[in-house]
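Every number here is computed from the coordinates shown, using simple stated rules; none is lab data. Computed from a predicted model, the values in this text were never measured in an experiment. Glycine gets a Cβ as well: all are built from the backbone with ideal geometry, and neighbour counts include every protein chain shown.
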Amino acid sequence: MGLEYPLIDVNNISESENRLGAELKLAISEDEGSSTIAHHMTLKPGLETLHHQSDNCTEILVCISGKGKVTIGSKDIDIRTGHSIHLPVKTPFKLKNETDSPVEFVGFCINAGSLENLAFSEAREISDSVLSDELVIHWDNVNPENMKKNDGWHINDFRLPFGNHTNSSTTLFRALFFPGAVHKKHSHQNCEEIYYIISGHGLAGAGPDRVEVTAGQFHYIPAGVEHWLYNLSETDPIHVVGVYINAGSVEETGYIYHGDVTPKDIKSRTILDD
């Protein structure tokens with residue numbers, strides 16, 4: 001039977017050829033029907049990426065493990081797990097790992113459905129222009145949103161590092177679902193969504209799909225598709241980051257609440273293809 005909406009585990013995909021100097025795994029792209037690339041990147045100890053830029057898209061990166069540095073223009077900034085990086089079109093940057101452990105990132109190349117569409121180029125002329133404080137933000141320094149439970153938001157901690165409030169036309173969210181927590185059935189009529197499971201074990205619904213999700217998986221949700229997420233663990237939270245593509249706020253997504261996740265939903269599982 002298989003899933004109607006793509007759920008991609010980074011452990012099951014091969015490294016993509018690239019000039020960056022990092023291990024890059026392309027998880028979601030136009031091949032899955034997405035307008036936007038979603039990728040997982042690992043920077044090994046002692047390495048740094050090429051100083052580069054994307055001439056055709058905005059990039060959003062989230063450090064999900066480790067410590068490193070990002071150089072934006074000519075300015076170095078220390079980063080660690082939880083730092084989010086907003087890179088507008090034609091912003092030169094590089095990443096560096098000076099530690100003994102890998103640094104991991106998830107990234108979203110907004111409105112670039114393929115690597116060819118990035119218009120990737122080496123940054124040869126590095127500007128000394130002033131860096132906006134809004135380009136690098138740690139999620140601990142972002143206030144939790146007060147979402148309405150009556151609209152299905154039974155999430156314990158929901159934060160928006162990037163959006164209209166930081167001059168980003170795409171919203172980046174970070175969410176924690178404690179045991180038993182659920183984001184009930186809903187859809188975003190005006191935008192696609194891609195989310196990544198950093199840790200935890202849950203059950204995701206998307207249209208007719210009912211599938212268990214774990215760390216290392218990207219889920220692509222097209223505009224208008226009913227979806228939800230439920231924490232199956234009795235002890236551990238689900239930790240998620242994701243984007244509302246080309247929507248600078250939750251309101252701009254065209255959010256519609258569809259109702260409860262039922263006991264039947266929680267018992268159901270889509271039979272996956274071998």
Exercise. Expressed in nm to one decimal, what extension gain is obtained for the pair residue 115 and residue 145 from 0.36 nm per residue of sequence separation less their Cα-Cα distance?
Worked result: 7.4 nm
Exercise. Given R₀ = 45 Å, FRET efficiency for residue 199-residue 165 by Cβ-Cβ distance, to 0.05?
Worked result: 0.95
Problem set entry | Vicinal HN-Hα couplings computed from phi for the range 201-214 (Karplus, 6.51 cos²θ - 1.76 cosθ + 1.60; Hz; Gly/Pro x) | 9, x, 10, 10, x, 8, x, x, 6, 9, 9, 6, 10, 9
Exercise. Over what distance in Å are the Cα centres of the range 204-274 and the range 82-113 separated?
Worked result: 25 Å
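Would you mind checking 67/148; 67/90; 185/264; 25/184; 149/185; 25/267 for any pair whose Cα atoms are more than 23 angstrom apart? Walk me through the numbers on the way to the answer.
Working: 67/148 35 Å; 67/90 25 Å; 185/264 13 Å; 25/184 30 Å; 149/185 12 Å; 25/267 32 Å.
Exceeds cut-off: 67/148; 67/90; 25/184; 25/267.
What does the extension gain come out to for residue 262 and residue 9, with contour length at 0.36 nm per residue minus their alpha carbon separation? Mind showing how you got there, number by number?
Numbers: separation 253, 0.36 × 253 = 91.08 nm, distance 2.64 nm.
Net length gain for the segment: 88.4 nm.
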Seminar exercise, completed: Subtracting the Cα-Cα distance of residue 67 and residue 18 from 0.36 nm times their residue separation yields 15.4 nm
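Taking 1 over the mean of 1/r across every pair of different Cα atoms in the chain, what Kirkwood radius in Å do you get?
On the way: mean 1/r = 0.0528 Å⁻¹.
One over the average 1/r among Cα pairs gives 18.9 Å for the chain.
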Problem set entry | For the range 143-267, the fraction of alpha-carbon pairs in successive 5 Å shells from zero, as % | 2, 12, 22, 27, 23, 10, 3, 1, 0
Problem set entry | Hypothetical label at residue 249: residues of the range 147-184 whose amide nitrogen lies under 17 Å (7 Å Cα-Cβ projection) | 147-148, 159-173
Seminar exercise, completed: Note on the range 13-139: the mean projected area of its alpha-carbon convex hull, in nm², is 7.2 nm²
